[in-house]
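Student: A single structure is presented below for examination.
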Amino acid sequence: MIKATKKWLTIKISSGILIPFLIWFIINFVSLLDANNSQLISFFEIKINKIIFSLFLIIASIFYTLTISEVFEDYISSFKIKNAANRLLVLFSIIITLMLIIFLIKI
């Protein structure tokens with residue numbers, strides 16, 4: 001399979017998987033808009049909420065990283081700059097996602 005086709009397919013699959021997670025996110029977090037700190041912490045103390053939210057963060061990170069790298073592919077003509085931008089994007093995506101999950105686990 002061609003690399004571009006594999007990337008396109010991964011973007012489409014991850015966006016499809018994100019839909020139920022986004023629905024869960026909207027339903028649960030609308031109810032937490034007026035919540036105080038203890039209610040928010042008690043929501044994340046439930047193990048299934050931590051797992052679902054962690055999966056949501058991982059899949060969203062994959063989707064957004066691939067989507068932004070497509071923008072780099074389309075609009076940056078220099079191979080060196082494009083390669084550096086993609087590597088920094090992946091690095092920051094991994095670091096931020098891992099930090100969020102670690103903070104979530106510590107709750």
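Since every read-out is calculated from the coordinates, none of them should be taken as a lab result. Source: prediction; values computed, not measured. Don't worry about glycine lacking a Cβ; one is built from the backbone with ideal geometry, like all the others, and counts go over all protein chains shown.
Student: Describe numerically, in nm with one decimal, the distance between label points set 7 Å from Cα along Cα→Cβ at residue 15 and at residue 104.
Tutor: 2.3
Student: Now for a separate question. At 24 Å minimum axial length over the Cα atoms and a Kyte-Doolittle cut of 1.0, report the qualifying DSSP H helices in the chain, or say none. Write down the numbers at each step before the final one.
Tutor: Working: long enough: 3-31 (42 Å, 1.06); 47-75 (42 Å, 1.10); 79-106 (40 Å, 1.70).
Both cut-offs are met by 3-31, 47-75, 79-106.
Student: Further question: Be a star and scan region 65-82 for residues whose amide nitrogen sits under 11 Å from the point 7 Å along the Cα-to-Cβ vector of residue 4.
Tutor: 74
Student: Counting helices only, and only those DSSP H runs with n ≥ 4, report the 222 nm mean residue ellipticity of the chain as the sum of -39,500 (n - 2.57) divided by its residues, in deg cm²/dmol to the nearest 500. Let's see the in-between values first.
Tutor: Values: 4 runs with 95 residues, N = 107.
So the calculated ellipticity at 222 nm is -31500 deg cm²/dmol.
Student: Can you give the three extents of the C-alpha atoms in region 55-107 along their principal axes, from longest to shortest, in whole Å?
Tutor: 44, 16, 8
Student: Something else: Please work out the FRET efficiency for the pair residue 82 and residue 58, using the Cβ-Cβ distance as r and a Förster radius of 25 Å; give the result to the nearest 0.05.
Tutor: Numbers: r = 25 Å, r/R0 = 1.00.
So, using R0 = 25 Å, E works out to roughly 0.50.
Student: Would you kindly calculate the mean projected area, averaged across all directions, of the convex hull enclosing the Cα atoms of region 11-84, in square nanometres? Don't skip to the end; give the middle numbers.
Tutor: Details: hull surface 26.6 nm².
Quarter of the Cα hull surface area: 6.7 nm².
Student: Full-extension gain between residue 29 and residue 90, please, as 0.36 nm times their residue separation minus the C-alpha to C-alpha distance. Display every interim value, and only then the final one.
Tutor: Details: separation 61, 0.36 × 61 = 21.96 nm, distance 2.75 nm.
Full extension of this stretch gives 19.2 nm more.
Student: Please work out the C-alpha center-to-center distance from region 5-49 to region 68-92 and express it in whole Å.
Tutor: 28
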